Every structure is written in C-alpha cells, then in structure tokens.
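Report on the following structure.
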Amino acid sequence: MRMNDPQIAPLHSPQGSLHERHTRVMPDWMSLYYDEPLELLSGAGRTVQGSDGRSYLDCFGGLLATMVGHNIPEITEAIQRQAARILHSSTLYLLSGQVRLAERLAAASRMRDPRVFFVNSGSEAVETALLITTAHASSNQVLALRGSYPGRSFGTVATTGIRAWSATGFSPLQVSYLHSGYRYRSPFRALEDAAFVDACIDEMRTIIETSTSGRIAAMLVEPVQGAGGFAEPPAGFFARTKGVLDEYGIPLISDEVQTAWGRTGRSPYGIHAHGVDAEVLTLAKGIANGLSIGAVVAEAEIMHSLPAHSISTAGGNPIAMAAANATLDYIEDHDLISHADQIGAKLQHGLHDLASRLPALIGEIRGAGLMIGVELIRPGSTDPAPELAVAAVERARKLGLLIGRGGLYGNVLRVTPPMTITAAEAETALELLGETLQTVDAAARQAEVTS
C-alpha cells in the first residue's frame, strides 16, 4: 500500500479518550495495565496521583526506574539547574558530570582497570556489552540463563530466556541457555541447596563441552532475574559458576539494570553480594531515578576491543548525568541500601506470613531487598495462575496500591517500591496486599466450586 493510497485513513484529530487515542497510534504489542488504563499525573515520595482523581501508594516504581521516589527535591533541582545551563553537547566534548559518574561506577566495580561507556537504556547497555565481548573473543557464542530478560533490541532478544518476551527467532548470536536459580519449577527443585548447585554446574560443564565450539564470548546473568519473577539462586551458585567461567576463560557480564545501586539491600552491584566480580557490568533504570540512562562498565581490555569508532549521541548527556549523580548522592546520604535491606525484610516477613495463610494461592515468596516476587498458583496444584495475577494487580489498584507482575508465565506479582519507602508505608502495603490476595483467593475458590 502506497502512502497516497486513498484507503489509508487520515490522521485522527485528538478526539476520544486517551486510551482510545493510544490504541489508534501505538503498537498493539505495547500492553497497558488494568481494564481501565491509568495515567500517572504527578507524584511525591511514594504517592502518585492518577488521571482518575485518586492517590496511590506506588510499589512498582516505574518498572523499578523510580528508585528513590517521586519529586525528590535534591534530584529535581539538580535537573533544573543543569537544564538552565545546557541540555546537550555530545560525547565529542568533555562532560564533567559524565566523568564524575563514570568515576563512581568504576570505583565500586572491583575491576582492575574499569572503563565506562554511557548509553540511553538497559537494552542498549546490554547490547553494548554483547558487542564488546563478542569483538574481544572474535566469537558470537554466548551463554545465558533460562528465565533471563536483558532487553528488547535485536541482540538482547537473542539472549532472552522467556517465551513471552522473545519477539523474534532471528539472532546475531549463538546462545546456549543454562539452568537458572528459579527453583520453584526446576527439575532439581527437590534437591538441597548444595546438590541443586552441583546439578546446575554439571549441566553447565556439559553444555560448554558438547554444545559450543569452546570459544565463548561471555556469559550473561542477572543477580536477581527481573522479568523472570525475581528468582535468585542459592548461595554458592554464582561463585561456582564464576569458577567454571574462569577455567574456560569466559568473561562474566552481570546485568545490573534492575539491581544496581542497592535495590537488593546488599551492595551497589548485586553480583558482589555473592562474592563474585564480573568483567562487565550493565546499569540503567534507577540510577537516574527514571530519566533515560544506561551504562556499561568493563575491564579496559574488553572495552577497548572495538576496531572502529563508536559514540552514543545522547549517552552521557548533561541532564541524565545530573540526575544520576544526584540520585547516587541521595542514596549515599540517606543510607538507602541498608534501608532497602531492612524494609525488604519487613515486607518479606509479612508476605511469608500471608503465604502461610493462603497456601492454595501463594506458591512462593522470594527476592532480595526491595525486589520481591509473589508466585501465584491455581488452587489444588502448583500450576501457574496468570489470570489470578491479573486479578490481583487489578484489585490492588482498586484498594489504592500499584504493583507489577511478571515471571515466566506472568503469574508473579512484583513488589518493588522506591528505596525511600517508610516502615509505615510498608505496613500499609502489606495490609493492602493481604486484602488483595484474600479477595483473589476467595474468588478462585468460589470459581473452583461452581465449575
């Protein structure tokens, strides 16, 4: 169909509801939450105002990007100050904010000679990590974990281990998938922690020896799998994995897009809590508290592998750098990593108590810090219940609480409030989650009886 074909519909004037207008011009694969989709108009702290005139306690934090809360004066003022000076110059000029942020990311990396490159998103950061490691190894073979979600670009989709997010089967990479730490549906589920790790490592060695050429560019992991439902492996998994990688000379890429700067309540980089150092780290989302940003930190030998020039026009731009430096300042000044650990423990304790009272609905509570997953199952089984997760997200909104969902089967509730959430707000969130899940459980039981 040519652009001048009379069958082509004319551009719509801005008529109808925002949802109707969205449906007319946005891709049909870009889904929205809720039967009646919501626009968030403003926010302060952990509370947001919706287009429906209601206030909500935000326990999803803009897909984990609003890491320290809404309208934090120290961050918004830093952005305003920078915007009044200059919005953009490009990486062809020195950028003081970029250098300062790079120094901070590098200093925490535990690498010998770290170098930092800034981009604009998590997908772009992981894509860059794959670019430099494949160039370094002169190989397109990569190891990844089942249940992973590194992004939506061509290379990152190739390393995505979730069917619902695998947009294409075409790939620039040859990927071998390894067993992840998601135990609830694992064939190794019944094993004790040490035996589980042994089984995973045995599988890893077998795949390296039998399913690859032996020249592997990198292994890509998330310390806590995000879209995969906040699965985290047992203690020792990553340390044993790194030991095998070192034997074969395979660099480790730690995808810290959701875990970096302390959301797990342990350390700036999530992988370090496992006693493991990575050769490449990727960051995005929360490090600028919601502004578009991405970063790659890598050992100089790997970062310098590209045989040609490379830039990122908007990567490291002054506005994003101002936001990121102010965000890291705020996290450090308010000791938010320890706070995330304490409040996360409180939330998990309350959710475990709730799970003990609703065993037919809640299969597992898991996560780290303020990355908490609630796996929902169908009554009388361990079958995933994505329809109940949808109902729970909807019910929570009616009660004034925003949460997310994810997991391999879309049946995991994701509870990820900003790191500044107070103990009182956490208590409110638990009360609302309790009422939500009790309602969903009762409805599921009733449906089972009537069927």
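The table below gives the values:
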{"item": "Only one of ARG414, ARG445 that is buried (at least 17 other Cβ atoms within 10 Å of the Cβ) and either modelled with pLDDT of 95 or more or in a helix (DSSP H, G or I) (or both)", "result": "ARG414"}
{"item": "Residue count for the range 196-216, restricted to those that are within 19 Å of SER138 (Cα to Cα), surrounded by 11 or more Cβ atoms within 10 Å (Cβ to Cβ) and in contact (Cβ under 8 Å) with a residue 60 or more places away in the chain", "result": "4"}
{"item": "Residue in the range 285-294 that is in the same structural domain as VAL116 (by TED's automatic domain parsing), over 14 Å from the mean Cα position of the chain (by Cα) and in a strand (DSSP E or B) present", "result": "no"}
{"item": "Enumeration of residues in the range 217-263 that are closer than 20 Å to HIS136 by Cα and either under 21 Å from the mean Cα position of the chain (by Cα) or part of a loop (DSSP other than H, G, I, E, B) (or both)", "result": "ALA217, ALA218, MET219, LEU220, VAL221, GLY249, ILE250, PRO251, LEU252, ILE253, SER254, ASP255"}
{"item": "Odd one out for ALA129 among (1) surrounded by 22 or more Cβ atoms within 10 Å (Cβ to Cβ); (2) within 25 Å of PRO417 (Cβ to Cβ)", "result": "(2)"}
{"item": "Residue that is outside any loop (DSSP other than H, G, I, E, B), outside the structural domain of ASP383 (by TED's automatic domain parsing), touching a His at 6+ places or on another chain (Cβ under 7 Å) and at pLDDT 90 or above, where the choices are GLU127, GLU203", "result": "GLU203"}
{"item": "In the range 159-172, the residues that are surrounded by fewer than 19 Cβ atoms within 10 Å (Cβ to Cβ) and either free of Cβ contacts under 8 Å to residues at least 12 places away in the same chain or more than 21 Å from GLU375 (Cα to Cα) (or both)", "result": "SER166, ALA167, THR168, GLY169, PHE170, SER171, PRO172"}
{"item": "Residue count for the range 264-289, restricted to those that are surrounded by fewer than 21 Cβ atoms within 10 Å (Cβ to Cβ), of a type in the set (Gly, Ala, Ser) and in contact (Cβ under 8 Å) with a residue 40 or more places away in the chain", "result": "2"}
{"item": "Test: ALA423 is of a type outside the set (Asp, Glu), over 25 Å from ARG54 (Cα atoms) and over 18 Å from the mean Cα position of the chain (by Cα)", "result": "no"}
{"item": "Residue satisfying condition, being in contact with a Gly (Cβ under 6 Å, 6 or more places away or on another chain) and either farther than 23 Å from GLU256 by Cβ or basic (Lys, Arg) (or both), within set GLY53, GLY45", "result": "GLY45"}
{"item": "Per-region count, the range 290-332, residues farther than 18 Å from ALA125 by Cα, touching a residue at least 60 places away in the same chain (Cβ under 8 Å) and acidic (Asp, Glu)", "result": "1"}
{"item": "Any chance GLU375 is in contact with a Gly (Cβ under 8 Å, 6 or more places away or on another chain) and either buried (at least 24 other Cβ atoms within 10 Å of the Cβ) or touching a residue at least 60 places away in the same chain (Cβ under 8 Å) (or both)", "result": "yes"}
{"item": "Matching residues in the range 185-195 - criterion: being outside any helix (DSSP H, G or I) and touching a residue at least 12 places away in the same chain (Cβ under 8 Å)", "result": "ARG185, PHE188"}
{"item": "Test: residue in the range 173-184 that is of a type in the set (D, E, K, R) and outside any loop (DSSP other than H, G, I, E, B)", "result": "no"}
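The values are calculated or read from the model by the stated rules, or taken from the named source; none is laboratory data. If you're wondering where the values come from, they're calculated on a predicted model, not measured in any experiment. Ideal geometry is used to build each Cβ from the backbone, glycine not excepted, and the neighbour counts take in all protein chains shown.
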